[in-house]
Each structure stands twice: as structure tokens, then as C-alpha cells.
């Protein structure tokens, strides 16, 4: 307790220096927290799970993947052809659709990429939807019921609401772009995805999409839309474990039913890893250059501040020794001061980062491939104090060691 | 702009040195006496500025890619509504019609036009140490006449030759079995040649002619076929650096894309290209197409670059704030140790502003030393390559970026370091300036 009081008093003795050191720590812990949050999310998405995970089936060679929708029924059974074959526990089909609210001005804000899917599967097959807070889950359930009831309904992410300046209940017209030219869709917004990962997603009923593809043929004197035959982008399968996944993947990849075009079956984590492969060096740089450079800077600043402190207090430390303080006690005292500064600044910084970014900004908006918004994970609340504390301990070790080694005779000789 | 600002900053710094009455050697001696503190503060600047230099060099490389790629006299034609080559489909008859337009330059009676099928395909590279099989996305450009295409795009070969009319060669010529399927001949951009070369197995590397990249005669697998390198493009700093070129008919058959994705037409000059673009976009009635001047098309791929630039600007600001607080701490400590010095200086007749200038200079010197070392370290990364993406609103390409440290980047680094030194030293210098001589000596 005495130590704690002493530490508090010493930290408060030079408030300006303590404040400046804390500020540097806070600023750099903020950078580290943001960087690690992005890396944490990427790592979470690309870490293979061993149980109850999702696999994705896509066209084997070409991108974007376009398989015949006729594949869907057989794929939903995991390509099983015999009673003994392995089967997925759940499935969901994705047909991509791209349209714009303003055909005259194609901007990031005006373009919407949507998926046509089975409404029920939004709750069971979208990653993270199975562990939503109760209120969000109930709302999503209500929106899905509306989507099922309204053929032209659409559930959109928050970004779309902002970009289109629309509200739930309003109508939305999308003009097909690129491969989807000629398919213009009119929707009624029936709900919004919970804030976070799906802020840039929009999902609608696949029956509506199928109808519009048929209508195109009628409108164009029997000429089918180029996407009419091949419009299944991804088939998601849920498998209970790795063994089942391996069997399902083998069934699908060896099946003659999926030969033209050939398909591949991989875990969702593996698919996402492949997508991020193009950004491999960038992610490496962020992980091994940016974050360490911030940590090194915190370390240097804290080391500097503590060594200045120790230098200024050599006399006081000598007096403490005269009063009976042991060298290790002085070491602990100096380390404690620095630790207190580092931990408190780190905690305040990560707490503020968590609160401001998650609650105030609705996540960190940094489009990286198909990812748009990054949330600061709860784990960040302990990253801050840990980073601040560890940097403080490391940075103050040598100054503290020098404080421990203060020679009473030398100090008093200089004073004399 | 940036070099001008730097020049202004250097002029200010030199003016401070010139008008400062307290000799700079006084500050330098103090810095050398407190060398540990000086070193640590400078090192913090080295880390911040070094990192920013590397990040800016990366963005600089990306910027160069989108700015340098493309010929101002070329027009890229894609299907109507297609914002990217990968989602474009143009029929053979439409392509032939457009090639015959009078605005298209002819050489030896042939239109200077390149018919192309651009594809992104999966390639499973060797499994990593964790045993997970990943996919890599490769960019293939199916070309009909490689020499013509190279002329239209303004490209040349670094080594080797263009692929043959057939586009294939016997496997036995590359050391394989005569019974094996013929190898698809490919011309690689230097970047993708490095990328593919990097992911070879140890056994392959042990016997490789060139350990750095795939070289002439080396083979690799894409789709169900084995491919052989017959040429390497001189393409550093261009988006073509990440592409594999092969015979269009083979690419189309292998990956089931029987239409063209783009047609690149050469007009007589930039003005001609603008006219051709406008004609195709508004007055051409035989097919609905999207036409863009090639340089403008590649410029639209700078969205990722802009996004990275914003991120760097944000990081630079945040880290600069850290640097300012760091140097402020050091300078306050320096002043608190030299209160008596300040008193003596004042009694010797030095004015308040002399004290201010002296401490400001000291703070800027600490920052400048660290910043210069940081810039120097950052310069070492000039020419390094890294994989990335360039993208527009609805399309993009994987690219190999060559980091480019320019004068602008170095100037920005030094300017930032001087600014941090100035702002970080200002408050402590003001507090030193306001000290009363007698109180300081007491």
C-alpha cells in the first residue's frame, strides 16, 4: 500500500511529464489497437474451424464464379449420390446481382452489390448471425419473415441506407450494370442487417431474381440473358466436422454432375484466405512493420521519460537508500511508476478507441477487398493496458536498473 | 508543391540559425552531453518517419502503376455497362466492325487493334507449412497477335520471344514426355514471373536456372494444363507486370470464355482517341459498347491508391502527434535541467526571443537527425516489390507494386519531421523564454 501511495505521488509530482508520456502512449496504443483489430478480424475469418463450419463451392477456375443454377439441388446434398454419402447439415445459394440507383453516375455510393438467396438461410447460414444479441436476432427474424412474404423485399446493410438515403419501407430501384445489364429490379426495403460485418450487404429473394431472368427472355423475343444459364455464384454448405467436409468436398469435386464448368469445394476460411492472398504483402507490412514500429516508439518515449525522471531524482533515490530502502525496492518503485502510466494510458486509449469507433462511428470503415467495416473487438480492452504496460516495463527497465544502482556516496559527494 | 514547402521550411530553419545569437554549438554540446535522451528521442523520429516513408513509397508505386499504364492514343472498348474487363463480353463480329473504323490507325494495311480476352483464374500454389491449400488469382490475357498487341500497348520483351501462331509447343522440347499434352506457351510480366518463381518447391528451386523468378523454358500449371515460359515482358511499373499473356484461342477454350472482353484500338493521337471514344460511346449504333481512353481507364483504378493515401495521411497525423509529445517531453526535461543556464544567458544580455530560437533549433535538430535517418532507412526499400490490388468502383486487378521513393516522399518526410520538431519544441521554448533571470538563478 505504501508503495502504491509512493508510486501515485511520484507520478503526480511532474504532471506535465506524466501527461505527455501518457499522451504519447495513448496515441500509439490507439494506432496499435486499430491495426490489431483489422488483423484480428482477418485472422478470425481465415482461421479454420474444426466443428460446425461452412464450406463454399465455386467455379473451379474462373473468377467471378458462375455455375448453372441447376447445380444447386445436387450441391445442397453435398453431391451425395449414395445413401452412405456424407451430407451437409444446411446450405444456402448466392446469386450475385449488381445494380445502381443512378445509372448516369457510377460511384461507390450509387452501386449496390446484392445477393439473391433463400431468405430463411440468412439467419442460419450467414456467419455471425447465430450469435447475435437477442434483440438483433429477434429483429432479423422479423425482417426475414417480411422478406419471405414480400417477393420484391430486400434487406440492406446500414451503408446502403446511408448511400441511398432511404428508410425501411421505402422503395428502391436498381438498374443492372455490367453482366447484369438488362435486369432492372425494384425493391421494397423490409429490413436492415445488424450493424457491423454486413453493413455493405443486401439480400433479396432468389425467386424474384429467377422471375426477372425469365421475364428478360420474354421481353427479348425468346433471347435469354447471358446470365440465364450460369448465375449461381457460390453455394454455401454447413458441415459438422472436418471429416464430413473432406468427404463432401471429395464427393463434389469428383462428381461428373459438376464437370462443365468444374467446381471446387473449400472451407470458407480457405476461400477468404485466397481472396486476401493479393493483399498478402500489405498485411505483412501492417503486421510486421507498422505495429512493431508503433510499439518501438512507445518503448523509446517511455524509456526516455523514465530515464529523465531517474536522472532528476538521483538525490532523492540516494536519500531513500540512506533511509533503508533496498535496491530492489527502488527498482520496483521506478518500474511501478512506469507500469502505472503505461497501463492506465493503454486502458484509456483502447477503451476510448472501442467506444468511439464501435458506438460512435459504427465501426472502422476501411474497404479491404470484400470487407468494408471493421469493429474493434472486446479483446482490445485488454490489448491496450497490456501493450502500454509491457512497453512501460521494457522501456523503464534500464532506467530502473540505473536507479537501483545509485551510489549514495557518489551522489552526496557531487552535492557537497 | 511539397519540395517548395520543404524549401520554405529549410529557409526558416536557416534563418533561425542566422538570427539566433546564442551559438548553435551550445545546443549541440548540450545534445551530445545528454546523448542518451537525444538518441532515444531521435530514434522515435526515425521509427515514425522511416515507417511513413515506406508507406508513402508503397502508395507512390501504386500511383505510378495506374498513371504509367496505358497509351494516350489508345481506346479500350468493353461491353456496354462493363466497368471492368473481367465482366465484359464482346462478340467477334462486333470486334471486327469496330476495328474497321476509319479512326483506327493502320500499319501495312492492318488495323492497329488488339483483340483480347482477359480472365482471372484460380491457381493452387504449393501448400503452405500449415498444410492448407490456398488459391492464387492469376490474370490471363488471351491475345491473338502478340506482336501487334505489344505495339498497341507500347510493350517490349525483356527476354525470350512471343508465343507462336499455334501458341503451344511439344512437352518433349521442355524436357517432358513426348506423349504428354503440348505445353501452352506464355509470356509473363516480370512481376508475376517473380511471384510464380517465389512459390516454387525447394526441389524446383534447387534445379532452377533463375532462383529469383520463372525464366525462359520454366513450366508452371494453370487449369488442367502445363504452361511454359517463352518470354518475359519489360513491364515493371505497369499493371501488365502482373499478367500472363497466351494465345487467345487456347485461353478461351481452357476456361470456357469464347467471347472477347476488350478491344484496344489505336488512334493517331490523344485527341484522336478522345474523338474515337466519344464516337463509340454516343454515335456508334452497331453495338452498345463502353469506350474509354486507355490512360483514363487505368486512372480509374486508383481508388485503392486513394484509400491507402487517406489511411497513410491519418496514420501520419496520429503518429506525428505522438512524435510531437515525445519531443516536447524531452525538451521540457532539457529546459528543467538548464534553468540556471537560461538565467545566466538572460543576465549576459540575450533577449527572450534568443532563448526561444535557441530551444526551437535544438528541438528541430533532434527531430531532423531522427527524421533524416528514417528517410534514409525508408529509401532502402526503393525498388522492393509487393503484391497489392488496384481497384475502381466495381472492378480491380491484382498487381505487383514496385515501391518508389521519390523526391516528393523524401521532402514530405523531412518537412513532417521539421514540423514535429517545431511544434514539439514550441511550448517548452516558450516556457524557457518566459523565465525570469533572477528566479531562474535562485
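The values are calculated or read from the model by the stated rules, or taken from the named source; none is laboratory data. Note that this is a predicted model, so its numbers are computed, not measured. Reconstructed Cβ throughout: ideal geometry from the backbone, glycine too, with neighbour counts over all protein chains shown.
The table below lists the values:
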item	result
Elements of type strands (runs of 3 or more DSSP E) in region B:179-285, at least 2 residues being more than 23 Å from residue B:124 (Cβ to Cβ)	B:225-233, B:262-266
Any hit, region B:117-138, residues being touching a strand residue (DSSP E or B) at 6+ places or on another chain (Cβ under 7 Å), modelled with pLDDT of 90 or more and either part of a loop (DSSP other than H, G, I, E, B) or away from every other protein chain (no Cβ under 14 Å) (or both)	no
Residue among A:324, A:355 that is at positive phi and surrounded by fewer than 15 Cβ atoms within 10 Å (Cβ to Cβ)	A:324
Qualifying residue in region A:231-251 (condition: more than 30 Å from residue A:39 (Cβ to Cβ) and not in a helix (DSSP H, G or I))	yes
Any chance residue B:224 is surrounded by fewer than 19 Cβ atoms within 10 Å (Cβ to Cβ), within 14 Å of chain A (Cβ to nearest Cβ) and in contact with a helix residue (DSSP H, G or I) (Cβ under 9 Å, 6 or more places away or on another chain)	yes
Qualifying residue in region A:406-416 (condition: under 19 Å from residue A:286 (Cβ atoms) and in a helix (DSSP H, G or I))	no
Given (1) within 30 Å of residue B:97 (Cα to Cα); (2) in contact with a helix residue (DSSP H, G or I) (Cβ under 6 Å, 6 or more places away or on another chain); (3) modelled with pLDDT of 85 or more; (4) surrounded by fewer than 24 Cβ atoms within 10 Å (Cβ to Cβ), index of the condition residue B:263 fails	(4)
Residue list for region B:29-39, restricted to those being touching a residue at least 60 places away in the same chain (Cβ under 8 Å) and within 11 Å of chain A (Cβ to nearest Cβ)	B:34, B:37, B:38
Test: residue in region A:126-136 that is in contact with a strand residue (DSSP E or B) (Cβ under 6 Å, 6 or more places away or on another chain) and either buried (at least 21 other Cβ atoms within 10 Å of the Cβ) or touching a residue at least 40 places away in the same chain (Cβ under 8 Å) (or both)	no
For residue B:339: the one exception among (1) surrounded by 16 or more Cβ atoms within 10 Å (Cβ to Cβ); (2) within 14 Å of another protein chain (Cβ to nearest Cβ); (3) farther than 19 Å from residue B:59 by Cα	(1)
Residue A:366 in contact with a strand residue (DSSP E or B) (Cβ under 9 Å, 6 or more places away or on another chain), surrounded by fewer than 18 Cβ atoms within 10 Å (Cβ to Cβ) and in contact (Cβ under 8 Å) with a residue 60 or more places away in the chain	yes
Some residue of region A:217-226 being outside any helix (DSSP H, G or I) and either closer than 22 Å to residue A:58 by Cβ or in contact with a strand residue (DSSP E or B) (Cβ under 6 Å, 6 or more places away or on another chain) (or both)	yes
Residues of region A:253-266 satisfying the condition of being within 8 Å of chain B (Cβ to nearest Cβ) and either on the phi > 0 side of the Ramachandran plot or assigned to a strand (DSSP E or B) (or both)	A:264, A:266
Matching residues in region B:49-107 - criterion: being assigned to a loop (DSSP other than H, G, I, E, B) and without any contact (Cβ under 8 Å) to a residue 40 or more places away in the chain	B:100, B:102
Test: residue in region A:269-283 that is in contact with a helix residue (DSSP H, G or I) (Cβ under 7 Å, 6 or more places away or on another chain), within 18 Å of residue B:333 (Cβ to Cβ) and at pLDDT below 85	no
Test for residue B:333: is it buried (at least 18 other Cβ atoms within 10 Å of the Cβ), at pLDDT below 90, assigned to a helix (DSSP H, G or I) and within 14 Å of chain A (Cβ to nearest Cβ)	yes
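Each row is one residue, and each column tells you yes or no for (1) touching a strand residue (DSSP E or B) at 6+ places or on another chain (Cβ under 7 Å); (2) surrounded by fewer than 18 Cβ atoms within 10 Å (Cβ to Cβ); (3) at pLDDT 90 or above; (4) closer than 30 Å to residue B:252 by Cβ.
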{"site": "A:42", "(1), (2), (3), (4)": "no, no, no, no"}
{"site": "A:46", "(1), (2), (3), (4)": "no, no, no, no"}
{"site": "A:50", "(1), (2), (3), (4)": "yes, yes, no, no"}
{"site": "A:62", "(1), (2), (3), (4)": "yes, no, no, yes"}
{"site": "A:68", "(1), (2), (3), (4)": "yes, yes, yes, yes"}
{"site": "A:73", "(1), (2), (3), (4)": "no, yes, yes, yes"}
